[in-house]
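For reference, the structure discussed in these notes is given below.
Read the figures in this text as sums done on the coordinates, not as results from a lab. Just so you know, these numbers come straight off a predicted model, no measurement behind them.
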């Protein structure tokens, strides 16, 4: 039986295990999907040795960037993004060869495109982690200019939450939440932006999928914004990962 899994911490509300277990059942695939909840990435090699012949991994918070240190090869697109969320593992003479990919790019791009209007030429990317890097790369490819938003901005393309005012909200009609704020169980949290300046021209996209309608999305919708959560993105990136694992 082939083994696949999800690497991250914490994983109590992970999407991947339920998704792939269901896929294996529906498609009569002789495989299993395990959660590898590691408090520290330094435990990765020991985990891999303990689960010899694991065939592929999805990678989530907080290891999409740290996993680079353990890879033998990185797909050119993932290297350009600077984040990996999919690892294919080939075993040769009982030794693993790990290649990293980024499927968040495809998942986000294909779920976002149908919602884009002519007004969505500029975006605010809330957060600066691995998922935000994939989102930023997707926006570049779509020709959408963007600025990162963080608590401690670094560089000219970054802005702090405190700096977001009515003028910025009016200029940036696409807002993408790449932070875990509002994710279950802390559903009463959301990024600190001036939602009262949202309009029907705005698109609020939240990479979070649990709960289905986050407080970030609720606050945008209250002022007429179109909203979307990250569930479709996760489905798309999971299927792309499955293709890489079986190449």
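Remarks
- Once C-alpha pairs closer than 8 Å and six or more residues apart are averaged by separation and normalised to the residue number of the chain, the relative contact order reads 15 percent.
- With Cα atoms defining each centre, the range 23-59 and the range 132-170 are spaced 34 Å apart in the structure.
- Contact order for the range 105-233, expressed relative to its length and based on alpha carbon pairs under 8 Å spaced 6+ residues apart, stands at 23 percent.
- Cα-based shape type of the range 1-88, given that a ≥ b ≥ c are square roots of the gyration tensor eigenvalues and the cut on a/c is 1.5: prolate
- Helix-only [θ]222 nm of the chain, DSSP H runs n ≥ 4, -39500 (n - 2.57) each, per residue, nearest 500: -8500 deg cm²/dmol
- Comparing mean-square fluctuations of 224, 56, 127 from a GNM of the chain with C-alpha springs under 10 Å, the top value falls on 224.
- C-alpha long axis of helix 130-141 to longest principal axis of the chain, angle in °: 70
- Take every Cα pair under 8 Å whose residues are at least 6 apart in sequence, average their separation, divide by the length of the range 77-171, and the relative contact order is 22 percent.
- Highest GNM mean-square fluctuation among 21, 179, 156, for the chain modelled with Cα contacts below 10 Å: 156.
- Degrees, to the nearest 10: 16-26 long Cα axis against longest axis of the chain: 60
- Gyration tensor (alpha-carbon) shape descriptor, the range 105-233, a/c threshold 1.5: rounded
- Fraction of antiparallel bridges per DSSP, the chain only, in percent to nearest 5: 25
- Gaussian network model of the chain, Cα within-10 Å springs - most flexible of 218, 152, 17: 152
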